[in-house]
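The values are calculated or read from the model by the stated rules, or taken from the named source; none is laboratory data. From a predicted model like this one, the values you see are computed outputs, not experimental measurements. All Cβ positions, glycine included, derive from the backbone under ideal geometry; neighbour counts span all protein chains shown. We work out accessible area using only protein heavy atoms, side chains counted, and drop any ligands, DNA or RNA first. Shrake-Rupley method; radii C 1.70, N 1.55, O 1.52, S 1.80 Å.
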Amino acid sequence: MSDKKPKDDITGVETTGHSWDGITELNNPLPRWWVLTFYACIAWAVVYWIAMPAWPTISGNTKGLLGMSDRRQVDQEVAKLVSSRAPQFAQLHATPIELVSKNKELFQFAQESGRVAFAQNCSTCHGAGGQGAKGYPSLVDDVWLWDGSIQGIRSTLQTGIRTDHPDARFSQMPSFGRDKLLEPQQIADVTQFVLTLSRQPADANAAARGAQVFATNCVACHGAEGKGDPLQGAPNLTDKEWLYGGTAQEITTQINLGRGGVMPTMSQRLDPATLDALAVYVHSLGGGT
């Protein structure tokens, strides 16, 4: 039996012996330029694997003969950027924070630097634009549990709220239901009274009874008129801005559980000048007092 493969009658090229629908496959050799390029790519890959970090190992990866590192390069670029901005940060920190807005260039620098710091450290809770969410205060209105001045915002960033920092602001809404400080009926009545404070529909009889409960248990923090006290972090109950919601059910839940969030101590993450920039940015969102 002959091993000689048939040739195409027209081109004289040897065929593979395969044929589909009367079309015979020719056994043409690959173009030389293509073959050389293919081998060059293989050689380049081998050289790259040896020269650059590439092969995974149990504890990391090979470092390569050139010792290249994207992480180190990024660190160097960040260090260069920080160094270039150091004089502006020094000027910002040396300027009384309430006077930063008087210097147009310094204020713009603080705004941009603060915006970056906010995106990296604050937007997860307060939202990308500072609009807040349930349990996380909005920073774009003029309703503040604590001091909303630029100095007050700077202090909050420095020490946090309900943290272990010695100067942190701290307040605690009692768990009137969970700790059995009030009976369920009393909680239901005071809920109706709180609804009247924010001019919402309520049961008049229950609200009248709730007024007495409020006077005995809530006035010390929220005030006789329910307008709150920023020095204690006690919210104003007469507006329609609610951290956990203002429906009857949500107010009842708050009275029962006494929820309160934690604002991290940013001084553990950010340097003083960046805290200044962040305070300027937050204050300028529209909610600063």
Single residue of segment 251-263 satisfying the filter (within 10 Å of residue 162 (Cβ to Cβ) and crowded, with 16+ Cβ neighbours inside 10 Å) that is modelled with the lowest pLDDT: 260
Residue selected from segment 31-64 under the condition touching a Phe, Trp or Tyr at 6+ places or on another chain (Cβ under 8 Å) and open to solvent by 80 Å² or more (accessible area, probe 1.4 Å), by the criterion modelled with the highest pLDDT: 49
Some residue of segment 19-26 being among the aromatic types (Phe, Trp, Tyr) and exposed (fewer than 10 other Cβ atoms within 10 Å of the Cβ): yes
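For segment 199-232, what are the residues that are charged (D, E, K, R) and either crowded, with 17+ Cβ neighbours inside 10 Å or not in a loop (DSSP other than H, G, I, E, B) (or both)? Can you show your working first?
Of the residues in segment 199-232, the ones charged (D, E, K, R) are 199, 203, 209, 225, 227, 229.
Listed by number, the residues that qualify are 203, 209, 229.
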Filter result for residue 282 (among the β-branched types (Val, Ile, Thr), within 17 Å of the chain's Cα centre (by Cα) and open to solvent by 50 Å² or more (accessible area, probe 1.4 Å)): no
Residues that are charged (D, E, K, R) and either farther than 17 Å from residue 248 by Cα or open to solvent by less than 40 Å² (accessible area, probe 1.4 Å) (or both), drawn from segment 165-198: 167, 169, 178, 179, 180, 189
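For segment 1-52: of the residues being in a helix (DSSP H, G or I) and small (Gly, Ala, Ser), which is farthest from residue 66 (Cα to Cα)?
40
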Checking residue 107 against (1) aromatic (Phe, Trp, Tyr); (2) within 30 Å of residue 271 (Cβ to Cβ); (3) open to solvent by 80 Å² or more (accessible area, probe 1.4 Å), the condition it does not meet: (3)
Residue list for segment 235-254, restricted to those being in a helix (DSSP H, G or I), touching a residue at least 12 places away in the same chain (Cβ under 8 Å) and not hydrophobic (A, V, I, L, M, F, W, C): 252, 254
